[in-house]
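Only the coordinates and a few stated rules stand behind these numbers; no lab work does. Everything quoted here is computed from the prediction, not taken from an experiment. Cβ atoms come from the backbone with ideal geometry, glycine included; neighbour counts cover every protein chain shown.
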Amino acid sequence: MMKTELRKEIKEKLEQLSSAEIIEKSKKIIEKIPDTKNVCVYVSKKGEVCTHCLIKNLLKKINVFVPYVEKGNMFISKIKDFSELKEGMFGILEPVNRIPYCNKVNEVNDGDKIDMIVVPGIAFDKKGNRLGKGGGYYDKFLQYKNVLKIGLAFEEQIVDNVPVEEHDIKMDLIITDKRIIDPKILNGQEVATKIKQELSEKIKGLEKKPCLAVVLVGEKPASKIYVKMKEKACQEVGIVSKKYLLSENVEEEELVKLIKELNEDTEVNGILVQLPLPKHINEQKIIEMIDFKKDVDGFHPINVGKVSIGREGFISCTPKGVMRLLKEYKVEITGKKVVIVGRSNIVGKPIALLLLNEGATVTICHSKTKNLKEETLGAEILIVAVGKPNLITAEMVKEGAIVIDVGINRIEDFTQEKGYYVCGDVDFENVKKKVSLITPVPRGVGPMTIAMLMENTIKANEINNSNQVKER
Ligand SMILES: NC(=O)c1ccc[n+]([C@@H]2O[C@H](COP(=O)([O-])OP(=O)(O)OC[C@H]3O[C@@H](n4cnc5c(N)ncnc54)[C@H](OP(=O)(O)O)[C@@H]3O)[C@@H](O)[C@H]2O)c1
């Protein structure tokens, strides 16, 4: 959509809001503004966000600066009271008594250095791009580094994608009346919730609900948690889940028998055997026992083969989740240099194939890779699936790269209620400062994996039903 059309659409939406609604929404936004000492506030026009209330509130506790334009230059001036503001030439409130501090935010007297600029806007996208007014003086101010740029928007103003032009400056944080959006975060949790809602709508329209059989062998705490999460997701979207618990010492033959029964059972659409299996069981043999048309995990060699030649089959859930997340955030893949750390059959290799199919130039690294840093530094998109906390540090990542952290590591910590916390393979806090997008752990790839399992189960239901119709 063109920028002008998008602006028109958003304006029409905003015009439907009453003044009372604008003030109510603005109040909710203001409550979330972080504490600071010196704030520069870009005053809004009616219909954007009511920065008037914001200024009135901020003046009670901190130093407020307001910008103005004079003789083709932009300045900021400190104000002590809201009455010092009058409507200026752009219909925006400007200070009457101008004490020009400077025309560069970073050059303000040391004691008064601006630490935050608050910017209302017609709209923002999830990447923090602002649908600004159009490259005027105001936007130039936002180019200064080391100043936190906070965008304000109503929920209605968050759009999928702002067509970025030169003057659209990316915000560090966007505050809406409902939530705070960190534009650097690829929010898997949020995307997964949206996907599950869509799937649940789809299932409501089905005569027969899809059914997933989950097989758990043994008592591994992590496996038990994963199975529980999968059952919960089934419940949320309306998939029937059947759980089969087998003891740690179960004979391989017994597991094989169960798989055969589930393959035959017309009520069951998808079969998932939670991995890893105990050492005495041949994992690959079990994977290959599952009917490939019910293989919702996408581990069967037929499905793996189909992925490798770009044909439709079941794509394993984590790689599929990573691809979907990138798509949801409109990350361009074609022609990109992608480095994958990890070459397992269930994560590293299938992700590499999917990206290759999309036209990326893919490098796969592993434990025998000689100079990992040299490889990762070349990545425009870096995907890490190893299982080693802090394996990827800031100096191993290219400035502006996109980082997907698949790793899940449990770190013992008795200060936590559960006795542990979960982290990925990437030194998140330090790497985040350098990159343009990054997945957190938790709430990144994990929830996407489960959402994709749900999607695959619904697909299995469709395949099984169409086969049964054919067989009749
Ligand atoms: N978020 C999710 O939904 C999800 C799903 C699945 C897995 N995971 C997590 O993702 C991680 C990887 O899982 P996986 O099943 O792929 O693990 P895996 O089978 O153990 O594979 C790990 C890979 O990392 C490589 N590796 C090990 N140490 C390395 C090092 N120092 N430098 C570079 N590469 C190294 C290994 O190389 P070699 O091949 O040479 O040994 C191997 O290819 C785990 O933390 C797992 O819990 C998350």
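Scan around residue 151 for amide H atoms under 5 Å from its own, H built in the peptide plane at 1.01 Å from N, and keep only partners 5 or more places away or cross-chain.
Those lying under 5 Å, H to H, from residue 151 are 119, 172, 173, 174, 175.
Can you tell me the dipole magnitude for region 317-445 around its Cα centre, using point charges on the Cβ only (Lys, Arg +1; Asp, Glu -1), in Debye to the nearest 20? Provide the component values of the computation, followed by the final result.
Details: 19 positive and 15 negative charges, 73 e Å.
Rounded to the nearest 20 debye, it is 360 debye.
How far, in nm, would the chain grow between residue 308 and residue 82 when pulled straight, counting 0.36 nm per residue and subtracting the alpha carbon separation? Walk me through the intermediate numbers first.
Details: separation 226, 0.36 × 226 = 81.36 nm, distance 6.41 nm.
Result: 75.0 nm gained on full extension.
Which of the GluC sites (Glu not before Pro) found in region 315-386 are in a DSSP loop and have at most 14 neighbouring Cβ atoms, other than their own, within 10 Å? List each step's numbers first, then the result.
Values: sites: 328, 332, 358, 374, 375, 380; in loops: 332, 358, 380.
Sites meeting the loop and neighbour criteria: 332.
Could you size up the charge dipole of the chain around its Cα centre, putting +1 on the beta carbon of Lys and Arg and -1 on that of Asp and Glu, and report it in debye to the nearest 20?
Values: 76 positive and 69 negative charges, 152 e Å.
It works out to roughly 740 debye.
Name the residue from 143, 206, 192 whose Cα lies farthest towards the positive end of the charge dipole of region 139-260, charges +1 on Cβ of Lys and Arg and -1 on Cβ of Asp and Glu.
Result: 206, furthest along the dipole toward the positive end.
Running Debye on region 3-182 with equal point scatterers at the Cα sites and no solvent, what base-10 log of I(q)/I(0) appears at q = 0.15, 0.18, 0.19 Å⁻¹?
Computed log10 I(q)/I(0) values: -0.82, -1.23, -1.39.
Rounded to whole Å, give me the distance from the Cα center of region 140-213 to that of region 61-87.
So the separation of the two Cα centres works out to 32 Å.
Tell me, what ³J(HN,Hα) does each residue in region 397-412 have, in order and in whole Hz, if you take phi through Karplus 6.51 cos²θ - 1.76 cosθ + 1.60 with θ = phi - 60° and put x for Gly and Pro?
Listing the rounded values in order: 10, 6, 4, x, 5, 10, 10, 10, 9, 8, x, 10, 10, 9, 10, 4 Hz.
Calculate, in whole percent, how much of the Cα-Cα pair population of the chain lies beyond 33 Å. Each step should come with its number before you reach the end.
Working: 53785 of 111156 pairs.
Of all Cα-Cα distances in the chain, 48 percent exceed 33 Å.
Can you pick out the pairs among 11/433; 230/306; 149/398; 194/349; 224/306 whose Cα atoms lie more than 32 Å from each other? Before the final figure, lay out each step's value.
On the way: 11/433 34 Å; 230/306 25 Å; 149/398 23 Å; 194/349 27 Å; 224/306 30 Å.
Those over the limit are 11/433.
If you filter region 190-231 for trypsin sites (Lys or Arg not before Pro), then keep DSSP loop positions with at most 15 other Cβ within 10 Å, what is left?
Details: sites: 194, 196, 202, 204, 208, 224, 228, 230; in loops: 208.
Here the trypsin sites (Lys or Arg not before Pro) that fit, given the DSSP loop and packing criteria, are 208.
With 5 Å bins from zero, work out the P(r) of region 17-110 over every alpha carbon pair and list the percent per bin.
The calculated distribution, bin by bin, is 2, 13, 24, 23, 20, 12, 4, 1, 0.
Based solely on C-alpha atoms, express the radius of gyration and the Dmax of region 189-309 in angstrom.
15.0, 44
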